[in-house]
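Reviewing the structure listed below.
The values are calculated or read from the model by the stated rules, or taken from the named source; none is laboratory data. In this text the structure is predicted, and so the values were computed from the model without any measurement. FYI the Cβ positions are ideal-geometry reconstructions off the backbone, even for glycines, and counts take in every protein chain you see. Heavy atoms of the whole protein, side chains included, go into the accessibility calculation; ligands, DNA and RNA do not. Shrake-Rupley method; radii C 1.70, N 1.55, O 1.52, S 1.80 Å.
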Amino acid sequence: MRPEHATPQDFATWETRAKAMSAAELLFTVKDCQEAEAAMRGHNPVKEGFYSDQASTFGMELTRRRRSA
């Protein structure tokens, strides 16, 4: 059974996916994750953290691209 929290493998998978995504796809994904995070607030703090981690990971790829541009 899959744990509800983000695992090191999740982070590695997200980082790999993020590198292959366009800036528009990254922005959409970050927004989607943030909305999911907000939806979990007050209901499931573990999943809230999962979506927060996911949004941060995809957001870091955007930040890297902006810094290197």
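For the chain, the solvent-accessible area with a 1.4 angstrom probe is 69 square angstrom per residue.
Can you send over the carbon and sulfur percentage of the accessible area for the chain, probe radius 1.4 Å, protein chains only? Taking all protein chains in place, the chain shows 56 percent carbon and sulfur surface.
For the chain, a crude dipole built from +1 on the beta carbon of Lys and Arg and -1 on the beta carbon of Asp and Glu, taken about the Cα centre, is about 300 debye to the nearest 20.
Separation of region 25-69 from region 1-18 is 13 Å, based on Cα centroids.
Can you tally the net charge around Met40? Count Lys and Arg as +1, Asp and Glu as -1, for every other residue whose Cβ sits under 14 Å from the Cβ of Met40. Once all neighbours under 14 Å are counted, the net charge is -4.
The residues Asp32, Asp10, Asp53, sorted by heavy-atom accessible surface at 1.4 Å with ligands and nucleic acids left out, run Asp32, Asp53, Asp10 from largest to smallest.
Note on Val46 and Lys31: the extension gain reaches 3.5 nm, defined as 0.36 nm multiplied by sequence separation minus the Cα-Cα distance. Contact order, relative form, for the chain: 42 percent (alpha carbon pairs under 8 Å, 6 or more residues apart, mean separation divided by residue count).
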